């Protein structure tokens with residue numbers, strides 16, 4: 001670390017909290033040495049990641065793959081000596097969905113195998129179909145009207161909104177010292193709905209969604225055979241999503257394959273040149289309508305202090321993934337790290353004062369359902385802010401869900417009272433690259449469920465690597481993208497944070513309770 005970086009760090013901390021408080025926070029160096037030794041020299045994190053990805057497979061919400069992962073993680077946590085391991089239902093979710101077969105190729109003007117996967121919750125084709133292709137490039141309802149009567153028994157191509165670009169820099173990046181120093185400043189003001197540019201973007205998205213709904217209705221009524229679409233990507237990578245709701249009473253849609261943009265654009269260019277194009281495809285998908293519940297996997301290391309063992313420190317990450325790959329960086333990595341942190345603590349013989357509880361969340365990708373409903377069932381409902389007795393007993397929650405990169409620090413989520421505590425806890429890991437305590441918020445994952453009811457919930461700052469460009473919600477989110485040394489580093493830091501939270505005399509400081517959230 002450079003001298004400039006140290007000065008910036010010291011300056012940021014002076015603003016965050018009094019120096020006396022920083023010095024007063026206890027750090028158990030002997031225990032940290034044990035954690036580092038176990039986590040760096042006898043790590044099981046990559047073995048755990050292998051089972052979550054290659055063995056369990058894709059883990060779409062309420063799919064067979066997620067059920068396999070739930071059962072395996074419960075069994076593994078039990079094998080490691082955790083107590084009260086349980087697959088706990090959180091409430092109703094919706095239909096499960098699995099892919100049993102997927103094939104697509106261009107067969108005219110010549111044969112070419114193409115890259116793609118069915119969109120989640122879309123139906124099967126009627127066996128193997130070989131059909132002519134029509135390109136529907138519509139930006140208005142008037143454009144759609146031009147295709148009436150021309151789509152029956154056709155495979156429909158939709159437009160490519162984001163064509164691939166040649167890249168001149170590596171996909172994977174780590175935070176620089178300057179970027180981490182900048183992160184320690186206050187959160188930049190975000191655009192509001194009063195901002196004209198944001199209003200324009202929101203209106204454009206609403207219009208696009210409305211047009212796609214009209215297109216779906218038209219394709220069903222016209223009797224089209226299937227749809228080919230893309231959300232972008234490059235070099236054979238494509239981003240994936242759902243093509244229909246998961247609700248048990250969702251309206252029917254056509255079979256749809258999400259494609260690599262390079263393959264999609266080739267088809268479009270041929271069609272626009274007036275060259276007849278034929279595609280052969282077959283998808284076989286299966287809906288699960290028997291059990292519509294969602295589940296979380298829970299396990300504990302019981303507390304030992306007579307006064308404090310009823311209090312709980314939680315750590316977690318979401319176990320579900322998207323379906324086009326095996327969800328390695330999103331979020332088998334986070335779950336493997338959290339499981340490894342529990343294993344490390346158990347292996348070191350820790351006797352925590354408070355109970356330590358791991359939660360591997362289900363159905364996060366569809367809206368944080370697993371963690372939100374766990375919080376609602378156990379702690380408080382953000383719509384009413386009526387607190388349950390366990391709300392007072394939670395000492396803190398730590399989350400990991402920003403890819404497979406090493407931990408560089410932690411977001412305070414606006415809770416600046418914990419700044420001196422986390423600063424002291426990070427100091428033993430400075431040589432591992434973890435130094436940043438940022439007052440900023442970060443969104444999009446399960447710590448928000450806790451923060452929404454005034455509980456101290458935190459997400460760690462992670463190196464992005466190629467998360468945003470190559471793995472997040474793509475067909476390339478596989479085990480091969482994981483960095484073993486990064487996951488080992490993250491595991492020991494999480495284990496240390498959880499241990500120190502469990503051993504403190506007081507729970508972590510809290511922000512002021514929020515007002516009840518308005519119903520959306």
- [ ] Answer with yes or no whether residue 228 is under 30 Å from residue 278 (Cβ atoms), outside any loop (DSSP other than H, G, I, E, B) and more than 25 Å from the chain's Cα centre (by Cα).
- [x] yes
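Determine whether segment 292-306 contains at least one residue that is touching a helix residue (DSSP H, G or I) at 6+ places or on another chain (Cβ under 8 Å), at pLDDT below 95 and buried (at least 16 other Cβ atoms within 10 Å of the Cβ). Break it down into steps so the answer makes sense when it comes.
Initially, segment 292-306 is screened for residues touching a helix residue (DSSP H, G or I) at 6+ places or on another chain (Cβ under 8 Å), giving 294-297, 299, 301, 303.
Filter once more, so that each one left must be at pLDDT below 95: none.
No, segment 292-306 has no match at all.
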Open item on the list: Please pick out the residue among 306, 269 that is farther than 20 Å from residue 245 by Cβ and not assigned by TED's automatic domain parsing to the domain that holds residue 393.
Closed with: 269
TODO: Kindly establish whether residue 327 is at positive phi and in contact (Cβ under 8 Å) with a residue 60 or more places away in the chain.
DONE: yes
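To keep it simple, each residue is scored yes or no on (1) out of contact with any strand residue (DSSP E or B) (no Cβ under 8 Å at 6 or more places or on another chain); (2) at negative phi; (3) crowded, with 19+ Cβ neighbours inside 10 Å.
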site	(1), (2), (3)
104	no, yes, yes
123	no, yes, yes
129	no, yes, no
152	yes, yes, no
156	no, yes, yes
169	yes, yes, no
175	no, yes, yes
179	yes, yes, no
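Just give me the residues in segment 463-520 being within 17 Å of the chain's Cα centre (by Cα) and assigned to a loop (DSSP other than H, G, I, E, B), in sequence order. It would help to see each step written out before you state the result.
So in segment 463-520, the residues within 17 Å of the chain's Cα centre (by Cα) come out as 463-479, 481-482, 487, 490.
Residues satisfying the conditions are 463, 464, 466, 472, 473, 475, 476, 477, 478, 482.
Taking the stated definitions as given, is residue 216 in a helix (DSSP H, G or I) and either at pLDDT 90 or above or under 30 Å from residue 98 (Cβ atoms) (or both)? Full working, then the answer.
Numbers: in a helix (DSSP H, G or I): yes; either at pLDDT 90 or above or under 30 Å from residue 98 (Cβ atoms) (or both): yes.
Considered against the rule, which asks whether it is in a helix (DSSP H, G or I) and either at pLDDT 90 or above or under 30 Å from residue 98 (Cβ atoms) (or both), residue 216 comes out as yes.
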Task: Single unsatisfied condition, residue 269 versus (1) part of a loop (DSSP other than H, G, I, E, B); (2) surrounded by fewer than 17 Cβ atoms within 10 Å (Cβ to Cβ) - done: (1)
Open item on the list: Looking at 69, 105, 85, 61 in this structure, which one is within 30 Å of residue 266 (Cβ to Cβ) and at pLDDT 95 or above?
Closed with: 105
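So, residue 313, is that one touching a residue at least 24 places away in the same chain (Cβ under 8 Å), surrounded by 24 or more Cβ atoms within 10 Å (Cβ to Cβ) and under 14 Å from residue 494 (Cα atoms) or not?
Values: touching a residue at least 24 places away in the same chain (Cβ under 8 Å): yes; surrounded by 24 or more Cβ atoms within 10 Å (Cβ to Cβ): yes; under 14 Å from residue 494 (Cα atoms): yes.
Yes; evaluated as a whole, the condition is true for this residue.
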Open item on the list: Among the residues of segment 87-102, what is the count of those that are surrounded by 20 or more Cβ atoms within 10 Å (Cβ to Cβ) and within 22 Å of residue 223 (Cα to Cα)?
Closed with: 0
TODO: Residue by residue through segment 186-211, note down the ones that are over 30 Å from residue 131 (Cα atoms), touching a helix residue (DSSP H, G or I) at 6+ places or on another chain (Cβ under 9 Å) and touching a residue at least 12 places away in the same chain (Cβ under 8 Å).
DONE: none
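The values are calculated or read from the model by the stated rules, or taken from the named source; none is laboratory data. Quantities reported herein were computed from a predicted structural model and do not represent experimental measurements. Because the Cβ atoms are built from the backbone with ideal geometry, glycine has one as well, and the counts that use them run over all protein chains shown.
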